[in-house]
1. Evaluate peptide B:90-96: per residue, the Cβ atoms of other protein chains within 10 Å of its Cβ; return the mean as an integer.
2. Check chain A and count each lysine pair with an alpha-carbon distance under 27 angstrom, considering only pairs eight or more places apart or from different chains.
3. Okay, helix-only estimate at 222 nm for chain B: each DSSP H run of n ≥ 4 adds -39500 (n - 2.57), divide by all residues, round to 500 deg cm²/dmol; what do you get?
4. Treating the beta-carbon of each Lys and Arg as +1 and of each Asp and Glu as -1, no other charges, what is the dipole magnitude of the protein assembly as shown about its Cα centre, to the nearest 20 debye?
5. For n ≥ 4 DSSP H runs only, could you compute -39500 (n - 2.57) per run for chain A, divide by its residues and tell me the 222 nm figure to the nearest 500?
6. Collect residues whose amide H, placed 1.01 Å from N in the peptide plane, falls under 5 Å from the amide H of A:GLY280; neighbours closer than 5 in sequence don't count.
7. Which part of region A:266-302 falls in the paramagnetic zone of A:TRP202, meaning amide N under 16 Å from the point 7 Å along Cα-to-beta-carbon?
8. Please report how far the C-alpha centroid of region B:1-26 lies from that of region B:49-102, rounded to the nearest whole angstrom.
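Read-outs: derived from the displayed coordinates by stated rules, not from any lab. The structure presented is a predicted model; accordingly, all values stated were derived computationally and were not measured. Ideal geometry is used to build each Cβ from the backbone, glycine not excepted, and the neighbour counts take in all protein chains shown.
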Amino acid sequence: MEFISQHPVLVASIIKIAVLLFIVMTALAYLTWAERKIIAHIQSRWGPYFVGAHGLLQPLADGLKFLFKEDITPPVTDRLVYTLAPFLALSLALSAIALIPFGPPSVPFPFLHGQQAWSITDINIGLLLVFAITSIGVYGVALAGWSSNSKYPLMGGLRSSAQMISYEVSLTMSVVGVVLLAGTLNFNEIINGPHGQSGYWWHFIPRWNVVPQIVGFLCYFTAAIAETNRIPFDLPEAETELVAGFHTEYSSFKFAMFFMAEYANMITVSCLATILFFGGWLSPFPDRWAWQIYLPGAGLVLLGIYCAYDTVTEMRGIARLQLAVVTALALGGGLLCLIPAVAGVIQGPFWFTTKILIILFFYIWMRGTLPRFRYDQLMSFGWKLLLPVSLANLVITAFVMIWPWLRHG
Amino acid sequence: MSVVPVSYYLVLSAILFGLGVVAFVFKRNIITIFMSIELMLNAVNLAFVAFARAHNQLDGLVFVFFVIVVAAAEAAVGLAIVIMLAQHRQSLSVERVNLLKF
Amino acid sequence: MSLAFILFFLCALLAVGGALALILSREPIHSALALILVMVSLAVLYLLLGAPFVAAVQVIVYAGAIMVLFVFVIMLLNMGAEEHTDFSKIAKFAGWPLALVLMLWIGYWLAHAQAGAAIGTGAAVEPASTPGLSTQLFRQYLFPFEATSVLILIALLGALVLARKEE
């Protein structure tokens with residue numbers, strides 16, 4: 001017991017990492033479900049609806065399928081690199097999420113004195129470290145393509161990694177405008193610091209960075225889509241082009257790791273976009289509207305009522321039982337969040353999650369709507385359009401910031 | 001704050017530098033020789049940062065910054081030369097680049 | 001045995017192990033991976049030495065861009081494992097002992113360097129913060145900064161000219 005009181009940082013970190021890992025893996029699984037459902041509805045069809053009510057158990061079925069599939073290893077010459085690549089990709093994609101604050105640092109961790117509840121670390125250069133982790137993520141792709149001992153993966157891997165390092169430059173440049181405005185690289189300071197995004201213009205428009213840095217946000221979002229190899233920038237791994245790109249020769253669990261790494265990268269860049277441009281865990285409503293703390297609870301209760309309606313009218317058989325369980329969970333969670341003590345604590349993560357979900361919805365929406373770029377169009381777009389626009393954004397932001405000093409000396 | 005004595009870091013830097021010299025002298029693949037140069041530069045960077053901490057000054061860190069930048073420029077041009085060399089001699093071994101040997 | 005010591009020895013072991021793997025590998029791609037491991041462990045050592053910005057720059061630029069260049073060139077040239085020719089009997093027997101002498105010599109003189117009175121006491125002042133570093137960079141070291149940007153431009157043009165196909 002005194003180990004816990006002597007090493008509060010270590011124990012709190014371990015608990016937070018375990019909880020976060022569980023939540024992120026579940027979120028990854030249900031992100032795949034959401035993607036299939038949303039793209040299906042865009043294409044005028046239903047997505048998965050067979051395995052569980054509304055297809056909600058589909059990720060579980062997919063996970064079991066990946067575990068039990070035969071693990072075919074092609075005749076590769078370099079076993080070590082072939083096995084290392086998916087582990088590298090997944091572990092780097094998951095470690096970037098450890099640096100992200102999900103709520104205000106003022107909420108204390110229960111039972112452990114002096115620890116924050118909503119972020120695992122609070123580093124002064126958090127933004128730079130997230131970029132450092134994404135820049136090593138290129139190796140997972142390049143090494144996978146190289147070690148597969150086959151033409152299509154090699155071409156796909158080289159193209160994919162060249163695309164990733166090209167758009168990484170624009171990604172970093174488009175974010176420097178935000179850093180100039182906030183004056184710091186610390187995530188919590190960017191959200192809530194003296195030059196942060198708290199406060200309101202004319203008392204009701206939140207002071208989020210997307211308004212002064214709209215060009216930076218658009219550049220960031222485009223570069224992020226290219227960085228995570230999503231449509232419209234996914235030529236290196238499109239099925240009609242290069243079979244499956246760098247992960248052609250991977251099967252079963254290793255393919256599942258690449259798959260999860262791609263979605264984890266999506267979640268990471270969405271988290272970054274929320275923190276840098278949309279105010280992170282701040283709420284969009286002014287603080288004096290005190291009823292806003294009941295929004296999470298009210299939302300969950302409404303979801304529970306909709307699920308109850310669905311259970312009673314539409315579902316049959318075992319799906320009815322599953323949806324009844326979902327209803328019970330939603331209603332129970334909603335009523336729990338309506339207690340004022342819990343509602344006050346849960347505000348930060350609720351707004352953060354909402355914003356991430358909206359950005360992920362945009363990601364999936366774009367996947368269902370847009371055609372893909374050809375590779376040379378993709379590279380010339382990245383170097384000849386996106387990078388100059390990001391640099392121009394940086395120069396104009398810097399100029400606007402020092403203009404008062406230039407005028408008054 | 002560092003409770004590890006700074007001299008430990010300097011000894012590690014010396015070991016890495018020595019290993020870089022060994023790799024430079026004994027390897028035959030020209031890209032590996034290039035990588036041993038990068039290893040030596042990294043060892044020197046570690047010594048710079050260690051001294052910057054020991055004297056509590058920032059000049060060592062600024063120098064590390066410049067060493068990294070110059071290493072990037074050098075790697076770019078050097079690898080372009082290596083690619084041309086490999087295309088001409090069809091091999092990456094330095095022993096094959098011996099047309100001017102006496 | 002505080003956490004700093006454990007972390008230092010772990011990273012030192014990884015760095016020396018990576019350097020040995022660089023020397024002893026037959027495939028150049030394994031040497032490149034070993035060098036990436038060395039760079040990342042050195043970045044952790046920079047964090048321990050209280051220079052977080054330099055650690056991040058090391059990972060982003062060195063391990064994340066320069067080594068990617070090396071890996072691309074190795075993949076594109078694809079010349080296979082190294083040839084193994086014996087070229088000198090002296091080198092085989094005197095190589096490693098002489099290397100050891102070199103390391104011990106440099107290590108001895110570095111370890112006995114007059115590193116000042118503030119060794120390892122962890123002064124309360126934290127000058128290695130990003131604003132402090134950038135102030136130094138843009139005030140006192142402005143000329144080297146601009147000179148290195150010109151250097152990078154020259155390197156860019158040089159690589160472009162060298163890599164162009166002969167028409």
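1. Values: counts 1, 4, 9, 4, 0, 3, 1.
The per-residue average across the peptide is 3.
2. 10
3. Working: 3 runs with 78 residues, N = 102.
The helix contribution divided over chain B gives -27000 deg cm²/dmol.
4. On the way: 33 positive and 32 negative charges, 83 e Å.
That gives the protein assembly as shown a dipole magnitude of about 400 debye.
5. Values: 15 runs with 265 residues, N = 409.
The helix contribution divided over chain A gives -22000 deg cm²/dmol.
6. A:ILE275
7. Residues A:286 fall inside that zone.
8. Measuring centre to centre over Cα atoms gives 18 Å.
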